[in-house]
Structures are given as structure tokens and as C-alpha cells.
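Student: Would you mind keeping the following structure in view while I ask a few things?
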Amino acid sequence: MSSADQNTRARTATHIDIHDSTTRKHWADLLQVSDERLRKAVRLVGTRVSSVSAYLAK
């Protein structure tokens, strides 16, 4: 899959695939957090992008 396809898929995603390192890196970069902080947020609030974003905004 090309990087353009991966970026499109990540932009339209409603959930973060925490097991996919490329997707995880994209979301960590987008949310301006470390990989570990993103993983912690997902453990606490689940994989829904809106939940993770709201948690990290606190």
C-alpha cells in the first residue's frame, strides 16, 4: 500500500489501529505525542480517535 493510501485511510479512520506501527506513528505525529503516550491513551480510553484526542487535550 502506498503512503498516500495509508494517509487517506488514517485521515478517514474512526479508530486507531494501535498494532500497526505506521498508523500508530501517523497518529502520534498528528496528535503531537510520543508513541508511549498514544499507547497509554488508547489503553485508558479505547481506540476511538475522538476519545483519544479528547483525552490528550486535557
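Student: Would you mind telling me which numbered condition in (1) modelled with pLDDT under 95; (2) more than 10 Å from the chain's Cα centre (by Cα) VAL45 fails?
Tutor: Here VAL45 meets the rest and fails (1).
Student: Which of the residues belonging to the stretch 33-58 are among the small types (Gly, Ala, Ser), in a helix (DSSP H, G or I) and surrounded by fewer than 16 Cβ atoms within 10 Å (Cβ to Cβ)?
Tutor: Just the residues of the stretch 33-58 that are among the small types (Gly, Ala, Ser), to begin with: 34, 41, 46, 50-51, 53-54, 57.
Those left that are additionally in a helix (DSSP H, G or I): 41, 50-51, 53-54, 57.
Hits for the stretch 33-58 are SER50, SER53, ALA54, ALA57.
The values are calculated or read from the model by the stated rules, or taken from the named source; none is laboratory data. None of these values were measured; they are calculated from a predicted model. Note: ideal-geometry Cβ built from the backbone for every residue, glycine included; neighbour counts use all protein chains shown.
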